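No value in this document is a laboratory result; all are computed from the given coordinates. Just so it is clear, the model here is predicted, and its values are computed rather than measured. Please note: Cβ atoms are built from the backbone with ideal geometry, for glycine as well, and neighbour counts cover all protein chains shown.
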Amino acid sequence: MQDNRRSVIAVPPLRDRQRWWVRSVRHYEFPRQSAALPAIAWNPLVAAKLLADDSIRPRLLTVDLLDDWTIHPAFGGIQSSVRPAYERIFGEADNVVANAEGTLDLARRFGRDDAILIPNGCDPERFSTTSIATGPLTVGYLGKIGSRLHFDLIAEVMSLCQDCDFVFAGPTMDRRARSFMRSLPSNAVHVGDVPYPRVPEFLQRLDIGWIPHRVGEGEVGGDAIKLYEYRACGLPVLSTPISGVAERGLRDVTIRDSARQHADWIHERASQSTFRIRRAEDIPAGLTWKSKAQVMLDLLDIHDYVGSSGDG
């Protein structure tokens, strides 16, 4: 008989956001039957804990790399814990999955040449290609607002495109981001975080999906989910040349380096009478969450469990 009693997790205080990741690991409790089950772990510190204790070590462990914590600014102060954790999980995990070229390179640096690239994606059926945008051409950004954004480029583009509107949706991750959002010009607005069920409607109100990320410094090795969401609703995408954007083979994705180049492209788009017409994208099956979930299930060798409740 399984022990299904619930555990109470004592969450340590968030006085130091970086050290929290290290302190929180000891508060995780795992059921005694963990060793008989397969598992997925994305947090390298938690994955290392699972592998270090035979009483909770999963039958199969797949590590899902979402970002490269060796370069992520949020983990710069805890590298003395991150690197040993990576050494353990890359040495002992049964499977390693990377969501982008950057995390795939991370795995290979630690000797996992068998790591599998499975990019992020979206649920295309959630999104509509019908525009409900009004007024001037609207450039929109959806996602976390923090160190990966190129604030200098954004400020210059907004100044050069005063005849266009700019909308930012997402949580502010640090003091600089909060200050930047509070001081936006009159043609820009920060609407705060948007609950995921409302994201499709938010995107219907835009004319351009923007990815103004920093290149090199500030990149964290991950894959921009917003790229797939923008294209699922037919939005043209304007991005800096971050890793992964050009490699996915999606249509209507424009890559530009400088603020002037971004502004020129936006002006060119705004000058067209058809700027609100969207081109639907047939998102490849390999860039959907359903596809990624199926690959992960196969790696965990639990495909026999799917539908075992009786529905087939």
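For Kirkwood radius over Cα pairs in Å, the value calculated from this model appears in [x] 21.4; [y] 22.7; [z] 19.9 under label [x]. GNM, the chain, Cα, under 10 Å: largest mean-square fluctuation among Gln272, Gln294, Gln261? Per the Cα network of the chain with a 10 Å cutoff, Gln272 tops the list. Run the paramagnetic zone check for Asp53: 7 angstrom along Cα to Cβ, then residues of the range 14-32 with backbone nitrogen under 18 Å. Once the point is set 7 Å along Cα→Cβ of Asp53, 21-32 turn out to lie under 18 Å by backbone N, inside the range 14-32. Overall, the anisotropy analysis places the range 158-202 in the oblate class: the square-rooted eigenvalues a ≥ b ≥ c of its C-alpha gyration tensor yield a/c not less than 1.5, with a/b not exceeding b/c. Stretched out straight at 0.36 nm per residue, the stretch from Asp163 to Arg198 would grow longer than its current Cα-Cα span by 9.9 nm.
Helix 151-160 and the longest principal axis of the Cα set of the chain meet at an angle near 20°. Computed on the chain, with alpha-carbon pairs under 8 angstrom and 6+ residues apart, the relative contact order is 17 percent. With contacts taken as Cα pairs under 8 Å at a separation of at least 6 residues, the range 79-125 carries a relative contact order of 35 percent.
Equivalent-ellipsoid semi-axes for the range 124-281 (Cα gyration tensor, √(5λ), whole Å, largest first): 21, 18, 17. Angle check, please: helix 289-299 long axis (alpha carbons) against the longest principal axis of the chain (alpha carbons), in degrees 0 to 90, nearest 10. Relative to the chain, helix 289-299 is tipped by roughly 20 degrees. Against the chain, whose longest principal axis is taken from its Cα atoms, helix 259-270 shows a tilt of about 70°.
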